[in-house]
There are 2 protein chains.
Amino acid sequence: MDEIDRTIVNLLRADGRTSYAELARRVGLTAPSVQDRVAKLEKNGVITGYQAVVDPEAIGLGITALIGIIPDSSADHLAICDKLGAIEQIESCYFLAGVECYQIKVRVPKMADLEQLIHRVAGIGGVAQTRTTITLSTKWEDRPQPIPTGEVEHGVD
Amino acid sequence: MDEIDRTIVNLLRADGRTSYAELARRVGLTAPSVQDRVAKLEKNGVITGYQAVVDPEAIGLGITALIGIIPDSSADHLAICDKLGAIEQIESCYFLAGVECYQIKVRVPKMADLEQLIHRVAGIGGVAQTRTTITLSTKWEDRPQPIPTGEVEHGVD
DNA sequence: GATGGTCCGGTCGATCTCGTCCACTCGTCG
DNA sequence: CGACGAGTGGACGAGATCGACCGGACCATC
């Protein structure tokens, strides 16, 4: 994970379809060696995939909500997580330090779908309460921040 | 936005580097027509970009936190948003319906960076209070959900 | 302390696939 | 009938990919 790798990752985060030839030009290597580096970054779990970024509204997912999940005292966190994972409308799921043990981000087409979804989440065993916040607008999302320079080691190369 | 477009978008959300030739094979068209469709999807704002998905821990961003922002009564929401936009550690920013007018997701290398970041956010004019929750783990993030079939129109084609 | 083997990362060149442009076809609609 | 949108097929240049080769770092041996 040297400076060149960081540059490659930054370029691929900004545009995931950048060709190896283009990456090579940017970092001053040849295409095969860039390809080799990218393959290693993928193998080492630094790059875990590539996604097209899609406007949720354009595909009929106009409503976004954040839902905090408060477990009851005897809840099995992992069981809750499994159940949450089966709900495909949940795009993200964070395990939190706090009263709300999870926060999930969901997208649905209509308010009725959100209502149904909240009932489904609230019905999961071990869930005592949910707290839903509607997002009025998404200012930005998944904005890649520059990779911090490795002045301090953090265990991955 | 027909069934073929939905398939293309689903494929590109699952793997943003899928070649046009491969997409063409999957949807039963030729590469040029797929390319044409993708270009239109990009032009119409359905596909807004492509990103490599990177493991934050692997690039030294081991700490993720969610911060709720509570404005004071006279706050200018847009001004706050501009200031937030200038902070590169903020990966996502949602405008909410609720006491907390924004929720932001931040990533930093160390706790000290988080502390500094919270102070910076709290110091923005119009911000009365912040509420920070540390994420202990990210169960999943940006999981693409299937595009709902357009049984109901939603204004974008 | 010099020598030789090995490994790692890179380059180079050949080949095959892919991207891209253009001309043509076909069905639809005015 | 003509125009248009969407797709096809072919051609050509660019990119991806593979194998062979090269040079430096490292290490053990002599």
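List the accessible area buried at the contact between B and A, summed over both sides and calculated with a 1.4 Å probe, in Å² to the nearest 100.
So the buried area, both faces added, is about 6300 Å².
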Exercise. Please report how far the C-alpha centroid of segment A:1-45 lies from that of segment B:1-70, rounded to the nearest whole angstrom.
Key: 19 Å
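Which whole number gives the average count of other chain Cβ atoms within 10 Å of the Cβ atoms across peptide B:6-17?
Taking all residues of B:6-17 together, the mean is 4.
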Quiz prompt | Partner chain coverage, peptide B:56-64 - average Cβ within 10 angstrom | solution = 6
Quiz item: Mean residue ellipticity at 222 nm from the helices of the protein assembly as shown, using -39,500 (n - 2.57) per DSSP H segment of n ≥ 4 over the full residue count, to the nearest 500 deg cm²/dmol?
Solution: -10500 deg cm²/dmol
Practice problem: Mind running the shape call on the protein assembly as shown? Use the C-alpha gyration tensor, a ≥ b ≥ c as the square roots of the eigenvalues: rounded below 1.5 for a/c, prolate if a/b tops b/c, oblate otherwise. | Solution: oblate
Practice problem: Take peptide A:37-44, look around each residue's Cβ out to 10 angstrom, count Cβ atoms belonging to other protein chains, and average those counts. | Solution: 1
Quiz prompt | Copy-to-copy label separations for A:I4, where each label sits 7 Å from Cα toward Cβ, in nm and ascending | solution = 4.2
Quiz item: With respect to the cross-link table entries B:K105/B:K139; A:K139/B:K43; A:K110/B:K40, which display a Cα-Cα separation exceeding 18 Å?
Solution: A:K139/B:K43; A:K110/B:K40
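Which shape class applies to segment B:3-43: rounded if a/c is under 1.5, otherwise prolate when a/b exceeds b/c and oblate if not, where a ≥ b ≥ c are the square roots of the Cα gyration tensor eigenvalues?
Working: a/c = 1.28, a/b = 1.04, b/c = 1.24.
It is rounded, given that a/c, with a ≥ b ≥ c, falls under 1.5.
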Quiz item: Excluding the sites themselves, what is the longest stretch of chain A that contains no GluC sites (Glu not before Pro) in a DSSP loop with at most 13 other C-beta atoms within 10 Å?
Solution: A:1-87
Quiz item: Can you pull the percent of segment A:56-134's accessible area that's carbon plus sulfur, 1.4 Å probe, other chains left in place?
Solution: 52 percent
Quiz item: Distance in nm between label sites at A:D15 and A:M111, each 7 Å beyond Cα in the beta-carbon direction?
Solution: 4.2 nm
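The values are calculated or read from the model by the stated rules, or taken from the named source; none is laboratory data. Every value quoted in this text rests on a predicted model; they were computed, and no experiment measured them. Note that each Cβ is placed from the backbone with ideal geometry, even for glycine, and that neighbours are counted across all protein chains shown. Heads up: the accessible areas ignore ligands, DNA and RNA and are worked out on the full protein's heavy atoms, side chains in. Shrake-Rupley method; radii C 1.70, N 1.55, O 1.52, S 1.80 Å.
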